[in-house]
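Just so it is clear, none of the values below were taken in a lab; they were calculated from the coordinates. Remember, predicted model here, so these are calculated numbers, not experimental data. So basically every Cβ, Gly included, is an ideal-geometry build from the backbone, and we count neighbours across all protein chains shown.
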Amino acid sequence: MPCVSPDGKPSETGIVTLKAVQAGADTPEKVQEATGNPMFKVRSGLRDLVNAGYLELKGGKYSLTETALDAL
Amino acid sequence: MEETKPISLPLIGEKAPEFEAPTTQGTLRLSDYKGSWLILFSHPADFTPVCTTEFIAFAEIYPELQKRNTELLGLSVDSTSSHIAWVRNVEEKMGVKIPFPIIADLNKDVSTLYGMIHPAQSKTETVRTVFIIDPEQTLRTILYYPLTTGRNMQEILRIIDALQTTDEHSVATPANWKPGDPVVVPPPHTAEAAEARVKEGYDCKDWYLCFKKL
C-alpha cells in the first residue's frame with residue numbers, strides 16, 4: 001500500500017516506515033530489513049514520504065522531519 | 001486510408017525504458033525494481049474472462065517467483081479504481097488475493113513506451129505482453145500473445161529459470177529445457193578450441209553441440 005494516504009497523512013505502511021527511520025533505518029536497505037517489505041515498495045514509499053514532507057533525504061540518508069515527529 | 005504510426009518497441013538487450021506510473025500500490029518507477037528481476041506484463045482489460053484466469057495464475061506462481069528474486073507488475077489502460085474493484089472481486093468470488101501491483105495506464109504512457117498496443121488487434125486495449133527485465137534493468141525476454149490466448153505460467157517460470165541459469169553458469173539452455181536437465185556449453189570460436197572441445201569431457205554430439213550437467 002502507498003505510504004501516504006490521499007488526505008496527505010501517512011498510511012499504516014507509512015507509519016511503519018517512519019518508525020523504522022526513527023529507529024535508525026536511514027537507507028532503503030535498512031528500511032527493508034526493518035519492515036520486511038520488498039525493495040520496490042520501500043523505495044516508492046520513501047519517495048512518497050519525502051514528497052509529502054515527512055522525510056528528508058541528505059547525502060543518501062533519510063531522517064524524520066518535524067512534520068513526521070508530529071505525526072508519530 | 002488511415003495512416004498507421006510506427007510503434008516504438010524496446011528490444012532485447014536494451015535498457016528497459018524508465019517510467020513512473022500510478023499503481024494499485026502507489027506510484028512506482030521502473031527503477032524502484034533495481035536489484036530484482038521484474039516481469040512487467042500487460043492485459044487487455046479488467047473484468048474480462050481470460051485476464052481473470054491469467055491474474056489468478058500469476059498470483060499462484062508469485063511465491064515461486066519471489067524465491068527467484070522476481071517481482072510482478074501488471075498493466076492495463078484501466079483506472080486504479082477499476083483495478084482495485086477487479087482484484088477485490090477476484091478475491092471475493094474466486095478466493096485469490098492478487099498480491100502484486102497493477103499500473104493504471106489510462107493515458108497510455110507506459111503502454112506506448114513499451115509497444116503494448118497493437119492497433120490491428122485493438123486501438124484501445126493492450127495485447128498480452130510479457131517483458132522480463134533483469135536486476136540491472138536490461139530487457140531479457142519479450143513475449144506477445146493475442147487477446148484471445150492466455151499465457152502459460154510454467155513457460156514464464158521456465159524462462160526465468162533459464163535466464164538465471166545462463167547468468168550464473170555462462171551456458172545456454174536447449175529446447176524444452178527445464179531445471180535439472182543438461183545445459184549447452186557455448187560453441188567454440190576457433191578451430192583449435194573446436195578440436196579441444198571434444199576432448200574436454202562434455203557430452204558432445206559434435207564440436208558445436210556439447211552438453212553438460214550442472
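Miscellaneous remarks
- Hey, B:ILE84 within 14 Å of chain A (Cβ to nearest Cβ), outside any loop (DSSP other than H, G, I, E, B), among the aliphatic types (A, V, I, L, M) and over 17 Å from the mean Cα position of the chain (by Cα) or not: yes
- Leading residue by the ranking (farthest from the other protein chains (Cβ to nearest Cβ)) among those in region A:1-26 that are within 24 Å of B:TRP37 (Cβ to Cβ) and over 10 Å from the mean Cα position of the chain (by Cα): A:MET1
- Against the list (1) touching a residue at least 40 places away in the same chain (Cβ under 8 Å); (2) away from chain A (no Cβ under 13 Å); (3) closer than 27 Å to A:PRO28 by Cα; (4) not in a loop (DSSP other than H, G, I, E, B), the condition B:GLY74 fails is (1).
- Residues that are in contact (Cβ under 8 Å) with a residue 12 or more places away in the chain, touching a Phe, Trp or Tyr at 6+ places or on another chain (Cβ under 7 Å) and assigned to a helix (DSSP H, G or I), drawn from region A:15-43: A:LEU18, A:VAL21
- Sole exception among (1) touching a helix residue (DSSP H, G or I) at 6+ places or on another chain (Cβ under 8 Å); (2) in a helix (DSSP H, G or I); (3) within 29 Å of A:ASP7 (Cα to Cα) for B:PRO99, by number: (2)
- Being of a type outside the set (Asp, Glu) and crowded, with 21+ Cβ neighbours inside 10 Å is a description that does not apply to A:VAL50.
- Which numbered condition B:ARG128 misses (of (1) more than 14 Å from chain A (Cβ to nearest Cβ); (2) surrounded by fewer than 22 Cβ atoms within 10 Å (Cβ to Cβ); (3) of a type in the set (Lys, Arg)): (2)
- Residues in region A:25-45 that are surrounded by 19 or more Cβ atoms within 10 Å (Cβ to Cβ), out of contact with any Asp or Glu (no Cβ under 9 Å at 6 or more places or on another chain) and over 19 Å from B:GLU71 (Cα atoms): A:ASP26 alone.
- Selection from region B:16-57 of residues that are of a type in the set (Asp, Glu) and either surrounded by 19 or more Cβ atoms within 10 Å (Cβ to Cβ) or under 21 Å from B:ASN69 (Cα atoms) (or both): B:GLU18, B:ASP32, B:ASP46, B:GLU54
- Unique residue being closer than 20 Å to B:THR126 by Cβ and of a type in the set (D, E, K, R) when the list is B:GLU60, B:GLU18: B:GLU18
- Restricting attention to region A:33-42, the residues that are more than 10 Å from chain B (Cβ to nearest Cβ) and of a type outside the set (Val, Ile, Thr) add up to 4.
- Looking only at residues in region B:20-54 that are touching a strand residue (DSSP E or B) at 6+ places or on another chain (Cβ under 7 Å) and not in a strand (DSSP E or B), the one that is nearest to the other protein chains (Cβ to nearest Cβ) is B:TYR33.
- Scanning region B:183-214 for residues that are aromatic (Phe, Trp, Tyr) and either assigned to a strand (DSSP E or B) or surrounded by 15 or more Cβ atoms within 10 Å (Cβ to Cβ) (or both) yields B:TYR202, B:TRP207, B:PHE211.
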